[in-house]
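Below you'll find the structure, written out as structure tokens, and then a few comments.
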Amino acid sequence: MSDTTLLAFDLGGTDLKVGRVDASGTVHDFQKLPSRANEGEAPLFEAVTTAANTVGSHAARGAAGFGSPGVLHPVSGIIVDRTPNLNLSADFPMRARLESVLGRKVAIDNDANMAALAEHTAGAGKGARVSLTITVGTGVGCGIVVDGRVLKGAMGGAGEIGHMPLGSTGPACGCGVVGCAEPMASGSGLIARAREAGLDVSNAREVFESSDPRAAEAIARMVDHLARMVSAATALLNPDVIVIGGGVAQAGPKLFGPLEASCKRYMLASHRQHLRIVPATLGERAGVIGAGLAAWQLQGNG
């Protein structure tokens, strides 16, 4: 088994997920450990070392894959500027530090991009030429995969559809973009709008399960903003599959039915004719699977 799997990590603010991934995208020894991401550089990399020692003895001595919060520069491997989920200095040399700690080459990318690669290759987007994986939770994240490769952009920031200036009249977003749709299209936005309407809810699931007309109105507003966001991305990228993940996707038909209906208002007929909008299938393992697949791509490139 030691020569058929590569080490892969998915770093979050709370958990560091780790496993061994084979070339087909199957994960072995999947585990979650405390990430210590908010405690600073030394505790974070102690956690990485612990995770590597926990599952790495059975992995090949080849490349490793690593999904991280933030914008990862595709050439230098730095985290561009800062990200609020990690207590690290600005422009932190993440890939170089990881390669020093792990003693191997590291394929590194944003965690949403890693999840998108996983869904494209081994999940709900399998068989697609162009897929978008959109995570709707606290915010709205997106990864773009074309012909099996993540589209990263010049500085690693491609796919930030959550911050499209779509003329939202809702609350201002912390990103600073005027008219940003994320505060209205996200799960946290749905909860906030429901509370503003007087509903006592603590999560998106409670909003979707409510029979109160005020919940229905909050859902309709959220879905409309999400549909405009998805449709703008579709006009630009013309995907054949859009995968929706995150906590809001757990609503199932209560989300996907209205979303597809709303998209008909905003999408070109030519672009929606063969488009599939489907729920994500890989769950919490998607980031580790994608990181492993990225490591296999790096390994194949020599």
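Summary of computed values
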| item | result |
| --- | --- |
| Every residue from segment 45-58 that is buried (at least 16 other Cβ atoms within 10 Å of the Cβ) and out of contact with any helix residue (DSSP H, G or I) (no Cβ under 9 Å at 6 or more places or on another chain) | Ala51, Val55 |
| Within segment 164-226, helices (runs of 4 or more DSSP H) holding 3 or more residues that are over 13 Å from Thr138 (Cα atoms) and hydroxyl-bearing (Ser, Thr, Tyr) | none |
| Hits in segment 26-42 - residues which are small (Gly, Ala, Ser) and touching a strand residue (DSSP E or B) at 6+ places or on another chain (Cβ under 9 Å) | Ser35, Ala37 |
| Options Ala64, Ala23; residue that is touching a residue at least 12 places away in the same chain (Cβ under 8 Å), touching a strand residue (DSSP E or B) at 6+ places or on another chain (Cβ under 7 Å), assigned by TED's automatic domain parsing to the domain that holds Thr83 and not hydroxyl-bearing (Ser, Thr, Tyr) | Ala64 |
| Cβ-Cβ under 6 Å pairs, at least 6 apart or on other chains, segment 81-108 side farther than 14 Å from Ala63 by Cα and assigned by TED's automatic domain parsing to the domain that holds Asn53, far side small (Gly, Ala, Ser) and part of a helix (DSSP H, G or I) | Leu86/Ala37 |
| Candidates Ala107, Ala118, Ala124 - the one that is within 20 Å of Val21 (Cβ to Cβ) and either modelled with pLDDT under 95 or part of a strand (DSSP E or B) (or both) | Ala107 |
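The values are calculated or read from the model by the stated rules, or taken from the named source; none is laboratory data. Keep in mind that what you see is a predicted model, and the values were worked out from it rather than measured. Cβ atoms come from the backbone with ideal geometry, glycine included; neighbour counts cover every protein chain shown.
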